[in-house]
Each structure stands twice: as structure tokens, then as C-alpha cells.
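Participant: One structure, pasted below without further comment.
The values are calculated or read from the model by the stated rules, or taken from the named source; none is laboratory data. What you see is a predicted model, and the numbers here were worked out from it, not measured in a lab. When we count neighbours, we look across all protein chains shown, and the Cβ atoms used for this are built from the backbone with ideal geometry, even at glycine.
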Amino acid sequence: MSDTVQVYRVYIKASPERIWDAITKPEWTARYGYTGLADFDLRPGGKHRTRPTQAFIDAGMTGDLVDGEVLEVDPPRKLVITWKLLMAPEDTADEPYTTLTYEIEESKTAGTRLTVTHDVTGAPNIAGMVSGAFERLDAPPNENAGGGWAWILSDLKTLLETGDTIVPAP
């Protein structure tokens, strides 16, 4: 893994369509990872954003958490977007939008492979955050443990395969 392009891969026992929905539909994105209500205008040039769930609002975060633009869309195989973390402006305001690619490939032998490639060129703070460099294994449940993409994808896999998540809902 380089400092500018990070690649994460997970194999999930779920259809490509189900994984696509879990990435692009707010009723799914609110249930895993750091949560949030993802809204996508799934066309090149369309906008996307992640709105706060009630837990974020209760913590004082009322604005969008993430935003960007859709660059490429090929449901349920590929989604390329620009990505900007808005919920930590003190750390990321001066960093550029990064590029995030989701590739979903069905395997005859190993379920469905989800590859997330995050080009974090020029965004060292985002690079550290999404790599899991700030992970705290001693964090209380339901607090940001800083596990980055590896943690998000593990939670997504767990949700799709078991119906539950790694971290219980508050």
C-alpha cells in the first residue's frame, strides 16, 4: 500500500446487486461502518453526499458528513466518485477531493469480491484516517474507533452475511 493509493479487498457472500445497494442506498449505509445516510445521483456529473444519522445530530454534527461528484457508474459493477470528508474540517479543510473507486466482481468460487481503491494524493490527513492509522482498539462501543476502510468493509461484510454488525446499534 502506498501513501497515495490505498487498495482494500473483501470477499462477501452476497450478490453484486446487494453489495451495490449497501453502498448506494441510505437505508443500508445508515447500518454499518461509521453510519450516515448516503444520497447518490447515479450518473456521471451527479452529486453524492452523506447526511448525518440521528446519532450524529445528537452529537452536534448536523451538516453533511461527506460529499462529492459521481465520475463513473456501471451498476452493479463499478462506481467512481470524488470524495471529501466534511465532518472533520479542522483536519481536512485544506485537502483536495480524493477519488474513490468501488469495483464489484462476482466469483464462481469465492462469493463476490469488493475492491475499494482510494486515491488520496495530496491528502495526507485523509490518507491516515482511511488507512486506520488512528485506530483505537480500546474505544468504547459506538465511538469512532478509527479503523478506516478495513473496519468499514469488515462491518459491511458482517452485515450482509449475518444481518448484524460488528458494533451493536446504540
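Participant: Out of region 89-116, which residues are within 18 Å of ALA22 (Cβ to Cβ), surrounded by 15 or more Cβ atoms within 10 Å (Cβ to Cβ) and among the polar types (S, T, N, Q)?
Facilitator: Across region 89-116, the qualifying residues are THR101, THR112, THR115.
Participant: Tally the residues that are closer than 12 Å to LYS84 by Cβ and touching a Ser or Thr at 6+ places or on another chain (Cβ under 9 Å), restricting the search to region 42-71.
Facilitator: 8
Participant: Looking at ARG18, ARG43, which is the one that is at pLDDT 95 or above and either buried (at least 18 other Cβ atoms within 10 Å of the Cβ) or not in a loop (DSSP other than H, G, I, E, B) (or both)?
Facilitator: Testing whether each residue is at pLDDT 95 or above and either buried (at least 18 other Cβ atoms within 10 Å of the Cβ) or not in a loop (DSSP other than H, G, I, E, B) (or both) leaves just ARG18.
Participant: Please name all residue pairs, on different chains or six or more residues apart, with Cβ atoms under 7 Å, provided the first residue is in region 59-83 and is under 21 Å from MET129 (Cβ atoms) and the second residue is loosely packed, with under 13 Cβ neighbours inside 10 Å and among the acidic types (Asp, Glu).
Facilitator: VAL80/GLU72
Participant: Only one of (1) within 16 Å of the chain's Cα centre (by Cα); (2) assigned to a loop (DSSP other than H, G, I, E, B); (3) modelled with pLDDT of 90 or more fails for LEU160. Which number is that?
Facilitator: Among (1) within 16 Å of the chain's Cα centre (by Cα); (2) assigned to a loop (DSSP other than H, G, I, E, B); (3) modelled with pLDDT of 90 or more, the lone unmet condition for LEU160 is (2).
Participant: Hey, another quick one. Can you spot a residue in region 47-54 that is under 25 Å from VAL167 (Cβ atoms), at pLDDT below 95 and within 16 Å of the chain's Cα centre (by Cα)?
Facilitator: Within region 47-54, one or more residues are under 25 Å from VAL167 (Cβ atoms), at pLDDT below 95 and within 16 Å of the chain's Cα centre (by Cα).
Participant: Still on this structure: Taking region 5-15 only, how many residues are crowded, with 17+ Cβ neighbours inside 10 Å and in a strand (DSSP E or B)?
Facilitator: The number of residues fulfilling the criteria is 4.
Participant: A follow-up question, please. Within region 21-38, which residues are assigned to a loop (DSSP other than H, G, I, E, B) and touching a helix residue (DSSP H, G or I) at 6+ places or on another chain (Cβ under 8 Å)?
Facilitator: Those that are assigned to a loop (DSSP other than H, G, I, E, B) and touching a helix residue (DSSP H, G or I) at 6+ places or on another chain (Cβ under 8 Å): ARG31, TYR32, GLY33, TYR34, THR35, GLY36.
Participant: Within region 48-72, take every residue that is in contact with a strand residue (DSSP E or B) (Cβ under 8 Å, 6 or more places away or on another chain) and farther than 19 Å from GLU27 by Cβ and give me the one that is surrounded by the fewest Cβ atoms within 10 Å (Cβ to Cβ).
Facilitator: Filtering region 48-72 for residues that are in contact with a strand residue (DSSP E or B) (Cβ under 8 Å, 6 or more places away or on another chain) and farther than 19 Å from GLU27 by Cβ, the one surrounded by the fewest Cβ atoms within 10 Å (Cβ to Cβ) comes out as GLU72.
Participant: Here are some conditions: (1) in a helix (DSSP H, G or I); (2) modelled with pLDDT under 95. ASP138 meets all but one. Which one does it not meet?
Facilitator: Exception for ASP138: condition (1).
Participant: While we're looking at this one, here's another question. Inspect region 26-49 for any residue being among the β-branched types (Val, Ile, Thr) and farther than 18 Å from ALA150 by Cβ and give the result as yes or no.
Facilitator: No, that holds for no residue.
Participant: Taking the condition of being in a helix (DSSP H, G or I) and polar (S, T, N, Q), how many residues in region 102-131 meet it?
Facilitator: Residues that pass the stated criteria total 2.
Participant: Something else now. All but one of (1) among the hydrophobic types (A, V, I, L, M, F, W, C); (2) under 17 Å from TYR8 (Cα atoms); (3) at pLDDT 95 or above hold for LEU71, so report the exception by its number.
Facilitator: Here LEU71 clears every test but (2).
Participant: Restricting to region 141-154, name every residue that is modelled with pLDDT of 90 or more and out of contact with any Ser or Thr (no Cβ under 9 Å at 6 or more places or on another chain).
Facilitator: Listed by number, the residues that qualify are TRP151, ILE152, LEU153, SER154.
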